[in-house]
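Quick note: the coordinates plus some simple rules give every number you see, no bench work behind them. Here the structure is a predicted model, which is why all the values come from computation and not from measurement. Cβ placement follows ideal geometry from the backbone for every residue including glycine, while neighbour counts extend to all protein chains displayed.
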Ligand SMILES: [Zn+2]
Ligand SMILES: [Zn+2]
């Protein structure tokens, strides 16, 4: 049986989630926080989408107006804030701010709607961005956006720079992921994160439960801090 060693505790720490206040989640910050407490999470990292030129919900929040950035200043032990940054081109250009504010925790993802570079060179873009910018976690590198990325190259570069790579429950459970790429991440990433990419309070619960079931049914044993989960 293959063991997966996670950087975060899959049942207690969430590092990838969205709200309706700053991007395309369905629930507010307060609702997400209350749900996290009900689920006994010890850490909830809110990582809304960065500001881009897109007119989509990504950048506007559900109400069409993003909440005041100061409303995020209620961090405590259970709550942290980061950003899901977008890769923009093959040179590794990215956006990593929300309303001009930068964060200490940066997920880097490719989303087809915001990438304006050469679509055949998205892997180069991810590699260059890892070299150029302060990135903590690579988001869903196996998703079907603009064709396949070279997940092996991305994971090798992430390992070399001590950058995390996620097992993204949303991608896998919704069929958005190329499973060969997912298995590459699970087997080769040195800093493996379990994330839900929750866009609602329900996602926080069901994606976590179903993602763990998926991994167990695939025959993995799950390890955190030396102990079996
Ligand atoms: Zn994403
Ligand atoms: Zn996301």
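Numbers at a glance
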{"item": "Packing-based exposure ordering (other Cβ within 10 Å, fewest first) of 111, 16", "result": "111, 16"}
{"item": "Length-normalised contact order of region 2-228 in % [C-alpha pairs under 8 Å, at least 6 apart]", "result": "23 percent"}
{"item": "Solution diffusion estimate, µm²/s, Stokes-Einstein, the chain, Kirkwood Rh from C-alpha pairs, 10 °C, viscosity 1.306 mPa s", "result": "91 µm²/s"}
{"item": "Mean Cβ count within 10 Å, highest first, over the residues of peptides 186-193, 78-85", "result": "78-85, 186-193"}
{"item": "Peptides ranked, highest mean first, by Cβ atoms within 10 Å: ranges 23-35, 171-183", "result": "23-35, 171-183"}
{"item": "Bridge type composition, region 2-228 - antiparallel percent by DSSP, nearest 5", "result": "20 percent"}
{"item": "Convex hull (Cα only) mean projected area of region 136-227, reported in nm² to one decimal", "result": "6.3 nm²"}
